[in-house]
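The structure appears right after this line, and notes come after that.
The values are calculated or read from the model by the stated rules, or taken from the named source; none is laboratory data. As the structure is a prediction and not an experimental result, all values here were calculated from the model. We place every Cβ from the backbone using ideal geometry, glycine too, and count neighbours over all the protein chains shown. Areas reflect the complete protein model, heavy atoms only, side chains present, ligands, DNA and RNA absent. Shrake-Rupley method; radii C 1.70, N 1.55, O 1.52, S 1.80 Å.
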Amino acid sequence: MRLQTNFRRPSVLPGFWPAFSYTVLYLSLIVLIPLSAVFLKAASSSWGHLWKTISAPNVLAAYRLSFGASLAAGLVSVVTGFLVAWVLARYRFPGKALADALVDLPFALPTAVAGIALTSLYTENGWVGRYLAALGIKVAFTPLGVVVALTFIGLPFVVRSVQPVLADADRELEEAARSLGATGWQVFCRVIFPIVRPALLTGFALAFARGLGEYGSVIFISGNLPMKTEIAPLLIVTKLEQYDYAGATAIASVMLVASFILLLGVNVLQRRTRRFMETE
Amino acid sequence: MKPTLLLLAALILVPGSALNAAGPVKLLNVSYDPTRELYQEINAAFARSWKARTGADVQVSQSHGGSGKQARSVIDGLQADVVTLALAYDIDSIAEHAGLLAAGWQSRLPNNSTPYTSTIVFLVRKGNPKHIRDWDDLTRPGISVITPNPKTSGGARWSYLAAWGQALKKNNGDERKAEEFITRLYKNVPVLDSGARGATTTFAQRGIGDVLLSWENEAFLALNELGKDKLEVVTPPISILAEPPVAVVDKVAARHGTAEVAKAYLEFLYTEEGQEIGARNYYRPRSAQAISKYPNRFPKLQLFTIDEVFGGWRKAQLRHFEDGGVFDRIYSAGR
């Protein structure tokens, strides 16, 4: 009953049922049907084969790398993305429009181009790589390189989620906190951070999810060494090239389920923080 | 409104039907990575020869990519009239998984349906600073070897099998020694690209590695494109005879009504003109006459075939490149 009333809030769009049916139809056509095809294809093979595929040492290593690197890159993007969003939302400076447009570039650039550019920068004889190599840090063809590529890809997701929230945030709240004697750090932790936390979570979830699926930019910088720097999407492509369609979809299914659970978790967390803020 | 609609309809309908009625015969040749330049020349020459013979125009389009990926596209429905791939196994797969051609396709044309051959050579930096002359040099500590992933690249599979075969021959057929050799070789590989072109780029343009294991034709192409002042080709004393085969995709050609011209296209590769174009593009031709036109191009070396050392592609694939095969073992042993 309560659900119904929640659904039927008046709105300018043409009524609940047309919009709702359209949503269901659209999601089915674009998301659900292709995804269920993946599971169906995987199910066409025996459980023994599927289990052997997804528990092979190189596949497990690839899962670890894909999830680990996406997580790391997501976290890095949260920090750096917040800073960028802060600067863009709070300050005026010459060339701001340019900086603002630059943020979106990783969205538009074909990922292979990004991968090739990053690789030539970070190899041991590249512009950046040679100085890092002198310090004993190798980036290209190591897991670190994967994180670098995913950070590049993930940054705009965080910036674009956080920036509007920061721009809309009521600055009087901060001034009030200051006038009540809060230090700068306290204002950040108690006032600003709670406001942007849901947006940061959204940005993180988007960057993380994108990182899991990213293929084009990573395969250039990772080196693709089995057990060391093979990402899960690469193994899917490798299986396809060996005509092992069931194996490829098995790896994909595990990734789908795992990322769905993670994203669901982030969504729940986000809803909680929002409710927490509303009740407070 | 109405005239606009009519015009639109005319624009959409007329060229389509006109092309169908009177346009040239169209063929699609689905090939692997390094043959781009070769087939550009072949296609033009074949169109001239076909026109002279039958008076009809023929237009051959080409599609290139990793050999395995191309085979998979054909299985998934890419309308290839002919396939010219890096290894017989990939065409076998099309026969096996999609049934688009008969299993015995390889005996339909002379020389195992392979109009030209190639081999695996070393591409090194100018002056050969690391003194790489033979296969054993590749396993020395501190040598960085570039080769693509044999699971995804046809060329890399030839390289792997060349390395394995020569190790077998040096050690009187001792398989254990061969596996030791190949394990040490891949320890020296810092990056596995997914295709031959990618590996060439890594080596030649990004300057990574001391030696690239490469198709002979691809090595010479890199030399011509990227400068003889930067790179040089080292032909090892022994290597594998790489036979990239060609075949008409029967069912697709039958559906398109192109069976006859497709067959003539592949046969053209065996003519003196076709052989000469092959040699010019650094593929080793079958015809002695074509070889004699390029006396210093193809150094003599000892060549072994995949049938003689590995008992054919099917066996080699199963033993070395399938999941859990020798190639997987190389990487799990290091852990």
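Checked against the criterion of being in a loop (DSSP other than H, G, I, E, B), within 14 Å of chain B (Cβ to nearest Cβ) and not acidic (Asp, Glu), region A:177-199 has no qualifying residue. Given the criteria modelled with pLDDT under 95, under 19 Å from the mean Cα position of the chain (by Cα) and surrounded by fewer than 23 Cβ atoms within 10 Å (Cβ to Cβ), does B:LEU231 qualify? Against the criterion (modelled with pLDDT under 95, under 19 Å from the mean Cα position of the chain (by Cα) and surrounded by fewer than 23 Cβ atoms within 10 Å (Cβ to Cβ)), B:LEU231 does not qualify.
Residue count for region A:211-243 under the criterion of being away from chain B (no Cβ under 11 Å) and either buried (at least 20 other Cβ atoms within 10 Å of the Cβ) or over 16 Å from the mean Cα position of the chain (by Cα) (or both): the result is 9.
Going by the structure shown, is B:GLY325 within 14 Å of chain A (Cβ to nearest Cβ), under 20 Å from B:GLY173 (Cβ atoms) and surrounded by 14 or more Cβ atoms within 10 Å (Cβ to Cβ)? In short, yes.
Taken across region A:27-36, residues that are open to solvent by 70 Å² or more (accessible area, probe 1.4 Å), within 14 Å of another protein chain (Cβ to nearest Cβ) and within 21 Å of the chain's Cα centre (by Cα) do not occur at all.
Somewhere in region B:270-283, is a residue away from chain A (no Cβ under 14 Å), basic (Lys, Arg) and under 17 Å from the mean Cα position of the chain (by Cα)? Looking for residues that are away from chain A (no Cβ under 14 Å), basic (Lys, Arg) and under 17 Å from the mean Cα position of the chain (by Cα), one finds at least one in region B:270-283, hence yes. Looking across region B:308-318, the residues that are more than 14 Å from chain A (Cβ to nearest Cβ) and open to solvent by 90 Å² or more (accessible area, probe 1.4 Å) come down to B:GLU308, B:LYS315.
Evaluate region A:104-112: report whether one residue or more is open to solvent by less than 80 Å² (accessible area, probe 1.4 Å), in contact with a Gly (Cβ under 9 Å, 6 or more places away or on another chain), more than 14 Å from A:VAL146 (Cα to Cα) and within 14 Å of chain B (Cβ to nearest Cβ). Within region A:104-112 (the criterion being open to solvent by less than 80 Å² (accessible area, probe 1.4 Å), in contact with a Gly (Cβ under 9 Å, 6 or more places away or on another chain), more than 14 Å from A:VAL146 (Cα to Cα) and within 14 Å of chain B (Cβ to nearest Cβ)), the answer is no, since none of the residues qualifies.
Selection of region B:137-154 for residues being under 15 Å from the mean Cα position of the chain (by Cα) and either part of a loop (DSSP other than H, G, I, E, B) or of a type in the set (Phe, Trp, Tyr) (or both) yields B:THR147, B:PRO148, B:ASN149, B:PRO150, B:LYS151, B:THR152, B:SER153. Please state which of the following conditions B:GLY65 fails to meet, knowing it meets all the rest: (1) part of a helix (DSSP H, G or I); (2) at pLDDT below 90; (3) open to solvent by less than 50 Å² (accessible area, probe 1.4 Å). Condition (1) is where B:GLY65 drops out. Condition test on B:GLN70, is it buried (at least 22 other Cβ atoms within 10 Å of the Cβ), among the polar types (S, T, N, Q) and in a helix (DSSP H, G or I)? The answer is yes for B:GLN70. Please determine, by comparing only the residues of region A:135-156 that are in a helix (DSSP H, G or I) and open to solvent by 40 Å² or more (accessible area, probe 1.4 Å), which one is farthest from B:VAL191 (Cα to Cα). If we take residues in region A:135-156 being in a helix (DSSP H, G or I) and open to solvent by 40 Å² or more (accessible area, probe 1.4 Å), then A:LEU155 is farthest from B:VAL191 (Cα to Cα). Consider region A:228-280 and keep the residues that are outside any helix (DSSP H, G or I), at pLDDT below 90 and not charged (D, E, K, R). The one that is nearest to B:PHE321 (Cα to Cα) is A:GLN242. Filtering region B:113-127 to residues that are surrounded by 15 or more Cβ atoms within 10 Å (Cβ to Cβ) and either away from chain A (no Cβ under 14 Å) or within 18 Å of B:VAL246 (Cβ to Cβ) (or both) leaves B:SER113, B:THR114, B:PRO115, B:TYR116, B:THR117, B:SER118, B:THR119, B:ILE120, B:VAL121, B:PHE122, B:LEU123, B:VAL124. In a residue-by-residue description of region A:192-203, the property of being under 15 Å from the mean Cα position of the chain (by Cα), closer than 18 Å to A:VAL78 by Cα and open to solvent by 40 Å² or more (accessible area, probe 1.4 Å) applies to at least one position.
The listed residues are A:GLU124, A:GLU175, and the only one of them that is acidic (Asp, Glu), more than 21 Å from the chain's Cα centre (by Cα) and under 26 Å from B:PHE203 (Cα atoms) turns out to be A:GLU124. Among the conditions (1) charged (D, E, K, R); (2) within 14 Å of another protein chain (Cβ to nearest Cβ); (3) not in a helix (DSSP H, G or I), B:ARG157 misses just one, which is (3). Tell me, which residue of region B:234-272 that is acidic (Asp, Glu) and surrounded by fewer than 17 Cβ atoms within 10 Å (Cβ to Cβ) is farthest from B:GLU37 (Cα to Cα)? Among those residues, the one meeting the criterion is B:GLU260.
When region B:164-195 is filtered for residues that are more than 14 Å from every other protein chain (Cβ to nearest Cβ) and either open to solvent by 50 Å² or more (accessible area, probe 1.4 Å) or outside any helix (DSSP H, G or I) (or both), the ones remaining, listed by number, are B:LYS169, B:LYS170, B:ASN171, B:ASN172, B:GLY173, B:ASP174, B:GLU175, B:ARG176, B:LYS177, B:GLU180, B:ARG184.
For region B:133-154, a residue qualifies if it is among the aromatic types (Phe, Trp, Tyr) and within 13 Å of chain A (Cβ to nearest Cβ), but none of them does.
Selection of region A:118-134 for residues being closer than 19 Å to A:SER217 by Cα and either within 11 Å of chain B (Cβ to nearest Cβ) or crowded, with 20+ Cβ neighbours inside 10 Å (or both) yields A:LEU118, A:THR119, A:SER120, A:LEU121, A:TYR122, A:THR123, A:GLU124, A:GLY126, A:GLY129.
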